[in-house]
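Participant: Sharing a structure with you now.
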Amino acid sequence: MSTLEAVSELRREFVRRGWNKKATGRILFELLIHAAIALAGMIVFFAFHHPALKAMGILISAFGCMGVGTNTHTSTHYGTSDKRWVNEFLSYLGYPMFVGLSATYWWHKHVTLHHPSPNVVGVDSDADLLPWFAITESEVGASSGFRRFYHKHLQFWLFPLALAVNCFSIQMAGWVYVIGKLRHPRERKLSHWIDAGALVMHLVLWVGIPLLFLPLPAVAAFYLLRNVLLGYAMYAILAPGHFPADAQRTTEEVRHGTDFYEVQTEGTVSFRTGWLGRFLCSGLDYQVEHHLFPNISHVHYPEVSKAVQAFCAQQGLSYHSYSWGVALWKSWQVLRVPQHVVGEVRSVVRAA
């Protein structure tokens, strides 16, 4: 059976099992729980003075905010509802307004660029950490002097510290993207205006309104500390899907000559977690399944996974899956042992 025939059969199986139906009610219920957790953590932080209780409040709020973010990820792929406007409304509500991440920037960076070309060097910006970190042989080989020494011996140890600004960096990139679009009449759209308004509302809700009742140091401390934790949480959930060495990196030339399903499975890794981790990740732990079928509701992925694994085995496609801890370790290891990019000649890399 050809790959296309196997995919058609798999989609028919989805219809028979009801996996093609949008689980709108359950996803919205989960979203409300995540939002309630985020707000509850905020209340705990401001209501108590004991450092341990404040730390617990920050952790709880960061957990809830990350849950809102992963749940919203499903909406950005139009997997929450059959109604397009519902998905887009939830995308603006969850990303720019609640978490402070630009929705239009995410659609461009993640949906338009990343998903068709996971780990394709020069196309997928998620696979590029330069100039601060090098994760491929060619990137290390192109450096010289102290920068090469840093990439070979220091970046592995400094990377965990850099994750503290991960969320701030993504937020800033989103602001730059939206402002850049709004400054050019030919590029700006209504979606950019909505996005910008939601980003402003994020600051009003999480900074402006609390300042009416609380002192500036307390509000600033809460917002900054929670964003630091969100930076680590984003890495912990997103990196295991594409950073481990098992997630193959390729050139664009290789991608054009490779079957779509092979590109998706070769460049992606799933990871396993318990019920609490699954609730937090909202399907992002099932990265292979998500990349093959990005617009289905994430609540179906645990069942879909069995069918996808059988499909990959039948078609001779890769299916990598590890425990969450192992996947995280492998994601960090590439900073010590850089990956080879399929399609690049090793001798040329060394010469560079």
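Participant: I want to verify the translational diffusion coefficient of the range 30-167 in µm²/s; compute it with Stokes-Einstein, Rh as the Kirkwood radius over Cα pairs, at 10 °C and 1.306 mPa s. If you can, show how the numbers build up before the last one.
Facilitator: Values: Rh = 17.6 Å.
Rounded, D is 90 µm²/s.
Participant: Round to a whole angstrom and tell me the spacing of the C-alpha centers of the range 159-209 and the range 81-108.
Facilitator: So the two Cα centres are separated by 12 Å.
Participant: Amide H to amide H, which residues 5 or more places from Arg249 or on other chains are under 5 Å from it, using H placed in the peptide plane?
Facilitator: Hits under the 5 Å cutoff: Val342.
Participant: Quick check: residue separation of Tyr150 and Phe279 times 0.36 nm, minus the Cα distance between them. What number comes out in nm?
Facilitator: 42.7 nm
Participant: Under a 1.4 Å probe, what is the accessible area of the chain per residue, stated in Å²?
Facilitator: 48 Å²
Participant: How would the range 153-270 be classified by its alpha-carbon gyration tensor: rounded, prolate or oblate, with rounded meaning a/c under 1.5 and the a/b versus b/c comparison settling the rest?
Facilitator: Numbers: a/c = 2.88, a/b = 1.44, b/c = 1.99.
The shape class here is oblate.
Participant: Please give me the summed charge of the neighbours of Glu9: other residues whose Cβ is under 14 Å from its Cβ, Lys and Arg +1, Asp and Glu -1. Spell out each step's value before the answer.
Facilitator: Numbers: positive: Arg11, Arg12, Arg16, Arg17; negative: Glu5, Glu13.
Here the charged neighbours net out to +2.
Participant: While we're looking at this one, here's another question. Just subtract the alpha-carbon distance of Gln333 and Glu187 from 0.36 nm times their residue separation and send over the number in nm, one decimal.
Facilitator: Between Gln333 and Glu187, full extension yields an extra 48.6 nm.
Participant: Here is a follow-up. Work out from phi, with θ = phi - 60° and the Karplus expression 6.51 cos²θ - 1.76 cosθ + 1.60, the ³J(HN,Hα) of each residue of the range 133-146, listed in order in whole Hz, and give x for Gly and Pro.
Facilitator: Rounded to whole hertz, the list is 9, 10, 10, 10, 4, 5, 5, 5, x, 7, 8, 8, x, 5.
Participant: Still on this structure, I have one more. On a full-extension model of 0.36 nm per residue, what is the gain between Leu130 and Phe168, subtracting their alpha-carbon distance, rounded to one decimal in nm?
Facilitator: The Leu130-Phe168 span can extend by a further 12.0 nm.
Participant: OK, next. Return the long-range amide H neighbours of Gln339 (sequence gap of 5 or more, or a different chain), with a cut-off of under 5 Å between placed amide H atoms.
Facilitator: The answer is Thr136, Glu137.
Participant: So, in nm, how far is label Met56 from label Ile179 when the simple model puts each one 7 Å beyond its Cα toward the Cβ?
Facilitator: 4.0 nm
Participant: How large is the Kirkwood hydrodynamic radius of the range 161-227, in angstrom, based on all distinct alpha carbon pairs?
Facilitator: After inverting the pairwise mean of 1/r, the radius is 13.5 Å.
Participant: Another question, if that's okay. Efficiency by 1/(1 + (r/R0)^6): what FRET value for Asp82 and Ala310, r their Cβ-Cβ distance, R0 = 30 Å, to the nearest 0.05?
Facilitator: Computed FRET efficiency for Asp82 and Ala310 comes out at 0.65.
Participant: Using a basic spin-label model with each label point 7 Å from the Cα along Cα→Cβ, how many nm lie between Thr112 and Ala221?
Facilitator: The modelled label-to-label distance comes out at 4.2 nm.
Participant: Mind pulling up the Rg/Rh value for the chain? Radius of gyration and Kirkwood radius, both on Cα.
Facilitator: Rg/Rh: 0.97.
Participant: Hydropathy at least 1.6 by Kyte-Doolittle, axial extent at least 30 angstrom from the Cα trace: which helices of the chain, defined as entire DSSP H runs, fit? Mind dumping the intermediate values first?
Facilitator: Numbers: long enough: 24-47 (34 Å, 1.83); 51-76 (37 Å, 0.66); 216-238 (32 Å, 1.54).
Counting only whole DSSP H runs, the qualifying helices are 24-47.
Participant: On the principal axes of its Cα set, how long, how wide and how thick is the range 85-161? Give whole Å, largest value first.
Facilitator: Projected onto its principal axes, the Cα set of the range 85-161 covers 52, 27, 13 Å.
Participant: Given all pairs of different Cα atoms, what value in angstroms does the Kirkwood hydrodynamic radius of the range 230-352 take?
Facilitator: It works out to 15.3 Å.
Participant: Of the accessible area of the chain, with the probe set at 1.4 angstrom, what percent is carbon plus sulfur?
Facilitator: Reported share for carbon and sulfur atoms: 67 percent.
The values are calculated or read from the model by the stated rules, or taken from the named source; none is laboratory data. Bear in mind the structure is a predicted one, so any value in this text is a computation, not a measurement. Neighbour counts are summed over all protein chains in view; Cβ atoms, including those assigned to glycine, are modelled from backbone coordinates with ideal geometry. When the accessible area is computed, the model is the full protein with side chains, heavy atoms only, and any ligands, DNA or RNA have been set aside. Shrake-Rupley method; radii C 1.70, N 1.55, O 1.52, S 1.80 Å.
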